[in-house]
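Data block below; observations after.
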Amino acid sequence: MKYGLLMTSVLKERKEEQCMNMGDMMQTLAITSIYERMGIPEDQIVEIGINDIMEYDGDYMILPININLSLNWCTNIFPLPAKILPVFIGLSYFSATDFPNSLLEYFHAWAPIGCRDESTLHLMRRHRIPAYLFGCISATLPRRTQAPQNGKVFFVDVPDSLLPYIPKELCLESESFSHIYRGDAFLHLENVKAAGLQLLKKYRDEASLVVTARLHAMAPCLAMGIPVVAAVENCSPRMAWIDRLIPLYTRPEYAKIDWHPSSVNYEEMKEIMVKAAIGRIKHTAEKYQDVLKVSYFFESRKKAEYGNFYREILRQLTEPADSPFEYILWGAGQIGMNVYEILCESYPKSKMVGVIDSFCEGKFFGLEIQKPDKLQSLLQAGKKKYVFITTTSGEACALEKLVQLGKTVVGRDYLSFATKNG
């Protein structure tokens, strides 16, 4: 079993440039720190970009999720591929549209959901999904061992409205920059990670004070023991947890800002947060690791050619692989299922338009199962159709019906896949 690192810095196109929010990488680096505490070897850690996650088909992987998502992103990546086991440590969800049922079922299945903010917590609880407020994983980064002797004041994405209130002496040894990085270099995950590590080191080794409106400058700096002034024009609901640690100054309060704050010491609670995150990850690993070892043992075999008998029969068709032909299955049992899956694979443009079975009722891959007396009307509707006999016990009945309807030519009118061993 592997352990995943979700590279959540989503690249966004802005005309001719690529940009990313470095705050996202702060969360990934915090999970890296959690893995270090757990003693997870590097060769068991898999980095995966959020844009590539739906194509994942490697080893079974536990994936801690601490991320801010809109409905579009939620429906794009959830449910995750079957080989990814999510651990929701700090989900933040904002959308005017409510969850679709598929997402509700998914979150219920992987509850409890750790929420990064109180708004997401309330949303989960409205839907009776077990959830808890955790804040952001970046608030668990290790505290630095010592402050720099001649540190700088970092102004990180401060609002213009704050500028008149900043004391001049703070600007003497200062640096201003943004968490939004731009450039094609960030198309590559290794560059994103390197930039994140460099920024985290810069904060740790050089900052005497950080003044910022960025949540993910506040949280990691607080965790590292760096004094922080949080000045925001709008107090976003995404910050509905961090005000337990520091005040959030809005425009009417800029004149009251304490420009010489002390570092915040919440090491006891931080340790509980770390233990909670590790506990969730370990619980998932212990719950699934043995059954997935068994599953992988059998899944990783050299596989036989399943359905070879059916594929051989299909070669009697004169249709090319890209032909958009229509067909009717007679038989909704195991043979029918196997033949349908092979048809979907070998003839992806073909279309099943009817299902016949004397005994089965209900639906078969979305189509209502009908009785044999409906075959004639199915054949007469629209263009020419093949009949594929996918039952052994009902083969004689199907052939008799086809003779009655004048459909007697193998390969042109019908094919029979009847076999005694499935």
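When the range 379-421 is examined, which residues are found to be in a loop (DSSP other than H, G, I, E, B), open to solvent by less than 30 Å² (accessible area, probe 1.4 Å) and of a type in the set (Gly, Ala, Ser)?
Matches in the range 379-421: 394, 411, 418.
Restricting to the range 339-357, what's the tally of residues that are open to solvent by less than 50 Å² (accessible area, probe 1.4 Å), out of contact with any Phe, Trp or Tyr (no Cβ under 6 Å at 6 or more places or on another chain) and in a loop (DSSP other than H, G, I, E, B)?
2
Within the set of pairs 6+ apart or on separate chains, which have a first residue in the range 32-60 that is under 21 Å from residue 138 (Cβ atoms), a second that is at pLDDT 90 or above and of a type in the set (Lys, Arg), and C-beta atoms under 9 Å apart?
If the second residue must be at pLDDT 90 or above and of a type in the set (Lys, Arg), the pairs left are 38/282; 45/2; 46/2.
Of all residues in the range 133-152, how many are part of a loop (DSSP other than H, G, I, E, B) and under 22 Å from the mean Cα position of the chain (by Cα)? Talk me through it step by step, then tell me what you get.
Residues of the range 133-152 part of a loop (DSSP other than H, G, I, E, B): 134-136, 141-151.
From what's left, under 22 Å from the mean Cα position of the chain (by Cα): 134-136.
Of the residues in the range 133-152, 3 are part of a loop (DSSP other than H, G, I, E, B) and under 22 Å from the mean Cα position of the chain (by Cα).
Counting only residues that are assigned to a helix (DSSP H, G or I) and open to solvent by less than 40 Å² (accessible area, probe 1.4 Å), which one in the range 237-277 is farthest from residue 2 (Cα to Cα)?
254
Are there any strands (runs of 3 or more DSSP E) wholly within the range 168-212 with 2 or more residues that are without any contact (Cβ under 8 Å) to a residue 24 or more places away in the chain, and if so which?
Of the strands (runs of 3 or more DSSP E) lying wholly inside the range 168-212, those with at least 2 residues that are without any contact (Cβ under 8 Å) to a residue 24 or more places away in the chain span 174-177.
Please verify whether residue 362 is closer than 16 Å to residue 417 by Cβ, free of Cβ contacts under 8 Å to residues at least 60 places away in the same chain and out of contact with any Pro (no Cβ under 6 Å at 6 or more places or on another chain), treating the condition exactly as stated.
Spelling it out, it is not the case that residue 362 is closer than 16 Å to residue 417 by Cβ, free of Cβ contacts under 8 Å to residues at least 60 places away in the same chain and out of contact with any Pro (no Cβ under 6 Å at 6 or more places or on another chain).
So residue 295 passes all but one of these: (1) part of a helix (DSSP H, G or I); (2) in contact with a Gly (Cβ under 9 Å, 6 or more places away or on another chain); (3) of a type in the set (Gly, Ala, Ser). Which condition number does it fail?
Going through the list (1) part of a helix (DSSP H, G or I); (2) in contact with a Gly (Cβ under 9 Å, 6 or more places away or on another chain); (3) of a type in the set (Gly, Ala, Ser), residue 295 breaks only (2).
May I ask you to list the residues in the range 66-89 that are closer than 23 Å to residue 142 by Cα and either open to solvent by 60 Å² or more (accessible area, probe 1.4 Å) or modelled with pLDDT of 95 or more (or both)?
Once the filter is applied, which keeps residues that are closer than 23 Å to residue 142 by Cα and either open to solvent by 60 Å² or more (accessible area, probe 1.4 Å) or modelled with pLDDT of 95 or more (or both), the range 66-89 yields 68, 87, 88, 89.
Considering only residues that are open to solvent by less than 70 Å² (accessible area, probe 1.4 Å) and more than 14 Å from the chain's Cα centre (by Cα), which ones fall in the range 95-112?
Correct list: 95, 99, 100, 104, 111, 112.
Residues are listed down the side, and each one gets a yes or a no for (1) more than 33 Å from the chain's Cα centre (by Cα); (2) of a type in the set (S, T, N, Q); (3) modelled with pLDDT under 90; (4) open to solvent by 90 Å² or more (accessible area, probe 1.4 Å):
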residue: 279; (1), (2), (3), (4): no, no, no, no
residue: 284; (1), (2), (3), (4): no, yes, no, no
residue: 292; (1), (2), (3), (4): no, no, no, no
residue: 298; (1), (2), (3), (4): no, no, no, yes
residue: 310; (1), (2), (3), (4): yes, no, no, no
residue: 316; (1), (2), (3), (4): yes, yes, no, yes
residue: 322; (1), (2), (3), (4): no, no, yes, yes
residue: 326; (1), (2), (3), (4): yes, no, no, no
residue: 332; (1), (2), (3), (4): yes, no, no, no
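For the range 213-236, give me the residue count where each residue is surrounded by fewer than 17 Cβ atoms within 10 Å (Cβ to Cβ) and either in a helix (DSSP H, G or I) or more than 27 Å from the chain's Cα centre (by Cα) (or both).
3
State whether the residues of the range 342-362 include one that is over 22 Å from residue 384 (Cβ atoms) and in contact with a Ser or Thr (Cβ under 7 Å, 6 or more places away or on another chain).
For the range 342-362, residues over 22 Å from residue 384 (Cβ atoms) and in contact with a Ser or Thr (Cβ under 7 Å, 6 or more places away or on another chain): absent.
Return the pair list, or none, for Cβ contacts closer than 7 Å from residues in the range 315-329 that are touching a residue at least 60 places away in the same chain (Cβ under 8 Å) to residues that are of a type in the set (Lys, Arg) and open to solvent by less than 80 Å² (accessible area, probe 1.4 Å), at least 6 apart or on different chains.
Hits for this filter: 326/385; 327/385; 328/385.
The values are calculated or read from the model by the stated rules, or taken from the named source; none is laboratory data. From a predicted model like this one, the values you see are computed outputs, not experimental measurements. Backbone-built Cβ (ideal geometry, glycine too); neighbour counts: all protein chains shown. These area figures cover heavy atoms from the full protein model, side chains too; ligands, DNA and RNA do not enter into them. Shrake-Rupley method; radii C 1.70, N 1.55, O 1.52, S 1.80 Å.
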